[in-house]
Amino acid sequence: IKPNAKLIVCLGEIDIRVHVFPQSQKQNRPYTEIVDDIIKEYIQFLCKLKNSGLQISCWGPIASQKDSCPLDPAFPRNGSEQERNKATEYFNQQLSEKCDENGIRFFSIFSEMITENYETIEDYLSPDRCHLGQAAMPFAQSFLSHRNYSVPS
């Protein structure tokens, strides 16, 4: 990576879907505290990158896989769809605040991907029903075009 390069860093939705709720149960702590622990470590990593001279932006995790998606061992899940999306929303809110405090650009399309009942709008997911699909590209393009990034068509 060249000095002063622009870098977008993303923690995956699967990290929340798979790890937050089991750790909450194992440690007998609310999921918010588990998320706070993750954010603390993550922001240290982002600041280290920023302090190395890179222009860092952070992409927030997307909405969770739907409960109606057949369970695939390659894509495990813990907690209900609504619980996972609430944890992701909290994660994005906390990460946005910490990024702002540290001069790191943050963006997320999470809120565009859920209903008011915290259900994932599956139209934005790829055919594997896990990863972000091309239908979500306009949200990302809109954000990036306002922040001096070049976005492929």
statement: Count of lysine pairs, the chain, Cα-Cα under 22 Å, sep. 8 or more residues or interchain, comes to 15
query: Out of residues 5 or more away from K6 or on other chains, whose amide H comes under 5 Å of its own, with H placed 1.01 Å from N in the peptide plane?
result: Q55
message: Between the stretch 48-96 and the stretch 118-135, how far is it from one alpha carbon centroid to the other, in angstrom?
response: 13 Å
query: Taking amide hydrogens as modeled 1.01 Å from N in the peptide plane, which residues meet the under 5 Å criterion relative to D67, leaving out close sequence neighbours?
result: E81
- prompt: Carbon and sulfur together cover what percent of the accessible area of the chain at a 1.4 Å probe radius?
  reply: 50 percent
field: Karplus-derived 3J(HN,Hα), 6.51/-1.76/1.60, for each residue of the stretch 103-113, Hz, glycine and proline x
entry: x, 10, 5, 10, 8, 8, 10, 3, 5, 6, 9
task: Would you pull out the residues with amide H under 5 Å of I109's amide H, same chain only if 5 or more places away, H placed 1.01 Å from N?
output: G60
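Scan the chain and note any complete DSSP helix (H) whose C-alpha atoms cover at least 27 Å along its axis and whose Kyte-Doolittle average is -0.5 or more.
Numbers: long enough: 31-51 (30 Å, -0.04); 81-101 (30 Å, -2.03).
For the chain, where a helix must reach 27 Å along its axis and average at least -0.5, the hits are 31-51.
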statement: If N is the residue count of the chain, its Cα Rg over 2.2 N^0.38 Å rounds to 1.06
statement: N4 and A135 label points (each 7 Å along its Cα→Cβ direction) are spaced in nm at 4.2 nm
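Go through T32, T88 and list them by solvent-accessible area, largest first, probe radius 1.4 Å.
On the way: T32 40, T88 0 Å².
Output order, biggest surface exposure first: T32, T88.
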statement: Summing -39500 (n - 2.57) over every DSSP H run of at least 4 residues in the chain and dividing by its residue count gives a helix-only mean residue ellipticity at 222 nm, to the nearest 500 deg cm²/dmol, of -14500 deg cm²/dmol
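The values are calculated or read from the model by the stated rules, or taken from the named source; none is laboratory data. Keep in mind that this is a model prediction, so the values were computed, not measured. Don't worry about glycine lacking a Cβ; one is built from the backbone with ideal geometry, like all the others, and counts go over all protein chains shown. Side chains are part of the model used for accessible areas, which takes the heavy atoms of the whole protein and leaves out ligands, DNA and RNA. Shrake-Rupley method; radii C 1.70, N 1.55, O 1.52, S 1.80 Å.
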